[in-house]
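Trainee: Pasting a structure below so you can have a look.
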Amino acid sequence: MGELCFVGLGLRDERDLSLRALETLRGCHRVFLEEYTSRSTPGTVERLEALLGRPVELLDRADVEAETPILSALAAQEKVALVVVGEPFAATTHVSLRLAAQDHGHRWKVLHNASILTAGPSLAGLSLYKFGRTCSLPTPHENYRPRSPYEVLAQNTRAGSHSLVLLDLDPGASRYLSAPEALRLLASLETEWHEGVLPPGRRVVALARVGSDDPQVVVGPWEEVSRADLGPPLHALILPGEPLHFIEEDALSRWPRAPPGPPVGGALP
């Protein structure tokens with residue numbers, strides 16, 4: 001019987017690991033890391049290998065979803081770790097892997113860590129209790145315009161709930177969806193479906209590099225934020241519901257308006 005340890009890396013890099021997590025990783029026979037659901041900062045893998053004194057094996061999406069590399073290691077009765085950027089069980093893929101390990105008779109444990117799901121709203125100063133469903137906004141492709149995220153935002157807006165919008169990324173292709181790009185995409189969907197997600201002047205919150213030493217938060221009408229330069233990834237969006245609590249209103253008022261700049265988006269640094 002093997003043991004699978006799900007370890008949350010946190011928002012940025014190996015410095016966000018807890019002491020308990022480092023102890024666990026050092027006690028594992030093999031350590032895997034995946035970065036397709038989010039991404040760490042450049043150099044994290046190499047620094048983590050130096051901390052642990054052993055290789056860290058990178059997995060892509062196909063590896064994790066197929067479950068084969070990890071289940072094979074567990075079958076050898078090894079103690080195996082899967083390091084996940086953010087919170088391990090925020091993605092259903094990792095829950096599925098946990099269930100598969102259980103089905104094969106293996107033990108599992110989890111070491112939680114910070115996630116954009118809580119850190120983003122908290123940094124902005126908005127109440128977690130007032131958030132509706134979170135949605136992920138994919139990059140549009142030819143003949144593909146995602147409606148389901150827009151519908152989630154419309155439902156949250158009608159309910160007066162805040163909306164956290166996670167933005168598409170493809171580290172393998174060095175591509176991310178920036179907050180300004182996402183707003184322009186939502187604006188185009190609004191002109192098509194007219195459900196009040198982005199009426200003129202709606203206030204939005206753009207987040208960049210949450211958890212880093214240089215996070216950026218800007219607040220303002222979506223038209224302004226859609227032209228802002230927020231710098232390198234990762235980005236996220238919040239569409240606040242109305243009305244706001246007076247503490248939320250005060251918190252948002254203290255963030256700067258969107259800095260002027262050309263529309264951005266493209267390669268990862």
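Trainee: Give the order of Ile247, Ile116 when sorted by the count of other beta carbons within 10 angstrom, beginning with the fewest.
Mentor: Ile247, Ile116
Trainee: Percent relative contact order of the chain, based on C-alpha pairs within less than 8 angstrom and at least six residues apart? Walk me through the intermediate numbers first.
Mentor: Numbers: 520 pairs, mean separation 51.1, N = 269.
After rounding, I find 19 percent.
Trainee: Region 82-163: which trypsin sites (Lys or Arg not before Pro) are DSSP loop and have at most 13 other beta-carbon atoms within 10 angstrom?
Mentor: Numbers: sites: Arg98, Arg107, Lys109, Lys130, Arg133, Arg147, Arg158; in loops: Arg133, Arg147.
Taking region 82-163 and a limit of 13 other Cβ atoms within 10 Å, the loop trypsin sites (Lys or Arg not before Pro) found are Arg147.
Trainee: Where does the chain land on Rg(C-alpha)/(2.2 N^0.38 Å)?
Mentor: Working: Rg = 19.7 Å, N = 269, 2.2 N^0.38 = 18.4 Å.
In units of the globular-protein estimate, the chain measures up at 1.07.
Trainee: Let me ask something additional. Using 0.36 nm per residue, how much length does the chain from Asp229 to Arg254 gain when fully extended, once their Cα-Cα distance is taken away? Kindly include the intermediate steps, with their values, before the conclusion.
Mentor: Values: separation 25, 0.36 × 25 = 9.00 nm, distance 1.91 nm.
Once the chain is fully extended between Asp229 and Arg254, it gains 7.1 nm.
Trainee: Just round it to a whole percent: the fraction of Cα-Cα distances in region 1-102 exceeding 22 Å. Present the calculation step by step, with values, prior to reporting the outcome.
Mentor: Details: 1079 of 5151 pairs.
Counting every Cα pair in region 1-102, those more than 22 Å apart make up 21 percent.
Trainee: Express in nm, to one decimal, how much length is gained between Arg15 and Glu49 on full extension, taking 0.36 nm for each residue of separation and deducting their alpha carbon distance. Write out the running numbers ahead of the final one.
Mentor: Details: separation 34, 0.36 × 34 = 12.24 nm, distance 1.26 nm.
The span from Arg15 to Glu49 would gain 11.0 nm if fully extended.
Trainee: May I pose another question? Determine the distance separating the Cα centre of region 80-114 from the Cα centre of region 1-29; give it in Å without decimals.
Mentor: The distance from the Cα centre of region 80-114 to that of region 1-29 comes to 11 Å.
Trainee: Would you mind getting me the FRET efficiency between Arg203 and Arg133? Use the beta-carbon distance for r and R0 = 30 Å, nearest 0.05. The partial results should precede the final answer.
Mentor: Details: r = 20 Å, r/R0 = 0.66.
Working from the Cβ atoms, E equals 0.95.
Trainee: For Glu242 and Arg158 in the same chain, what is the full-extension length gain: residue separation times 0.36 nm, less their Cα-Cα distance, in nm?
Mentor: Working: separation 84, 0.36 × 84 = 30.24 nm, distance 0.93 nm.
Length gained between Glu242 and Arg158: 29.3 nm.
Trainee: Next question. Note down the magnitude of the dipole of the chain about its Cα centre, charges +1 on Lys and Arg C-beta and -1 on Asp and Glu C-beta and zero elsewhere, to the nearest 20 debye.
Mentor: Values: 26 positive and 34 negative charges, 86 e Å.
That gives a dipole near 420 debye.
Trainee: If you don't mind, another one. Efficiency by 1/(1 + (r/R0)^6): what FRET value for Ala66 and Ser174, r their Cβ-Cβ distance, R0 = 30 Å, to the nearest 0.05?
Mentor: Details: r = 24 Å, r/R0 = 0.80.
Efficiency at R0 = 30 Å is approximately 0.80.
Trainee: Okay, next question. Go ahead and estimate [θ] at 222 nm for the chain from helices alone: -39,500 (n - 2.57) per DSSP H run with n ≥ 4, summed, over the residue count, rounded to 500.
Mentor: Details: 10 runs with 91 residues, N = 269.
Computed mean residue ellipticity for the chain: -9500 deg cm²/dmol.
Trainee: Continuing with the same structure: Put a dot 7 Å past each Cα toward the Cβ at Thr92 and Lys109; how far apart are the dots in nm?
Mentor: Once both label points are built, they end up 2.9 nm from each other.
Every number in this text was worked out from the coordinates using simple rules, so none of it is lab data. Just so it is clear, the model here is predicted, and its values are computed rather than measured. With ideal geometry, Cβ positions are generated from the backbone for all residues, glycine too; neighbour counts draw on all protein chains shown.
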